[in-house]
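The values are calculated or read from the model by the stated rules, or taken from the named source; none is laboratory data. Nothing here was measured: the structure is a model prediction, and the numbers come from that model. Counting neighbours? That spans all protein chains shown, and the Cβs are built from the backbone with ideal geometry, glycine included. For the accessible areas, the whole protein counts, side chains as well, though only heavy atoms, and no ligand, DNA or RNA atoms are used. Shrake-Rupley method; radii C 1.70, N 1.55, O 1.52, S 1.80 Å.
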Amino acid sequence: MNIPEPTLGNPQGTIAVINKYKFVFQKKFGQNFLIDPRVLDKIIRSAGITKEDYVIEIGPGIGTMTQYLAAAAREVTAIEIDKTLIPILEDTLAGYENVTVLNEDALKVDLCRLAEEKNGGRPVKVVANLPYYITTPIIMGLFENRVPLESVTVMVQKEVADRMKTGPGSKDYGALSLAVQYYARPELIANVPPNCFLPRPRVGSAVIRLECHKKPPVQADDEKLMFRMIRASFNQRRKTLVNGLCNAGGFGFSKEEAAAVLEEMGLPPGIRGEALNLEQFADLSNRLGKRGDFGKEGT
Ligand code: SAM
């Protein structure tokens, strides 16, 4: 297969396409297109794309990164919600025979089925300059829906990248950090300033690579319960862990039982949830799971 060299990814190429199609940027879709070839190269290199790989791209825009992905991968599926971009993609991706564009909301596409059909169910690589308004649902959807994943290399808001990779003791630490780290090993690849995009976003951005674990790094007997406890303790960040859990309700154990479990774990009774690492949350939910009555409320 003869794959053309990328033509987009610089300000001139992008502006020419925008003008040719009189494309109007839609804020509601988080449209900030990449116009820096060095950033694109860095994303492709850090994602470690090879000719063996099947890649899913979320939000191709005018097809800038798609061209780079198509040149590096075996096959690419690009999912774009904005129908006004579809004729543009047909033009910019003409000749890239290994690319399929789906005009869909990425949150509604059955990615497990896509991985099955296109990659025989083997782990896929997801690469995207994400629309920032749905970063968390997209990433959590990939993990929670058990899409077979090798890695997820994405451009996100800088602050979100910080939240994904941090641990206890940082103000950025929260439910997202723990969820991401349960499923993957995050690595910050690069900080990317607003002038690498058209139009410029108001926030700084960063490329983060999530190398997916083959097996979770901790043993949680009931994953859903552990994540409910994590959410309950971060919903009330300023409260102690015991109060956070008991105020959330529905767990079926008393304050005394929760305090006793903390003591068993060698933790002070007044500790806050934000001081616990992933291993401690797994341990806590395993111990409390044996005491509570979880039939009362759906997980
Ligand atoms: N990949 C292009 C680039 O790097 O230049 C565009 C990235 S832009 C930040 C995000 C893209 O995601 C836009 O093209 C936007 O229309 C698309 N998008 C927004 N919400 C989406 C959704 N729910 N499903 C699929 N695509 C979406």
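Points to keep in mind about this one:
- Residues of segment 152-185 that are hydrophobic (A, V, I, L, M, F, W, C) and open to solvent by less than 10 Å² (accessible area, probe 1.4 Å): VAL152, VAL154, MET155, VAL156, ALA161, MET164, LEU178, ALA179, VAL180, ALA184.
- Looking only at residues of segment 208-254 that are among the basic types (Lys, Arg) and exposed (fewer than 14 other Cβ atoms within 10 Å of the Cβ), we find that the one that is modelled with the lowest pLDDT is ARG237.
- Residue count for segment 42-54, restricted to those that are in a loop (DSSP other than H, G, I, E, B) and either free of Cβ contacts under 8 Å to residues at least 60 places away in the same chain or of a type in the set (S, T, N, Q) (or both): 3
- Take the conditions (1) over 30 Å from ILE35 (Cα atoms); (2) within 22 Å of the chain's Cα centre (by Cα); VAL261 misses just one of them, which is (2).
- In segment 17-41, the qualifying residues are those that are polar (S, T, N, Q) and assigned to a loop (DSSP other than H, G, I, E, B), and the one that is most open to solvent (accessible area, probe 1.4 Å) is GLN26.
- Of all residues in segment 3-16, exactly one satisfies the criterion of being free of Cβ contacts under 8 Å to residues at least 60 places away in the same chain and open to solvent by 80 Å² or more (accessible area, probe 1.4 Å), namely GLN12.
Residues checked against (1) of a type in the set (Lys, Arg); (2) touching a Leu at 6+ places or on another chain (Cβ under 9 Å):
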site	(1), (2)
ASN103	no, yes
ASP110	no, no
ARG113	yes, no
ILE134	no, yes
LEU149	no, yes
MET164	no, yes
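- Residue satisfying condition, being closer than 21 Å to ILE189 by Cα, of a type in the set (Asp, Glu), touching a residue at least 12 places away in the same chain (Cβ under 8 Å) and within 13 Å of the ligand (Cβ to nearest atom), within set GLU57, GLU150, GLU159: GLU57
- Of all residues making up segment 107-151, the number that are closer than 13 Å to CYS212 by Cβ, open to solvent by 10 Å² or more (accessible area, probe 1.4 Å) and in contact with a Pro (Cβ under 8 Å, 6 or more places away or on another chain): 5
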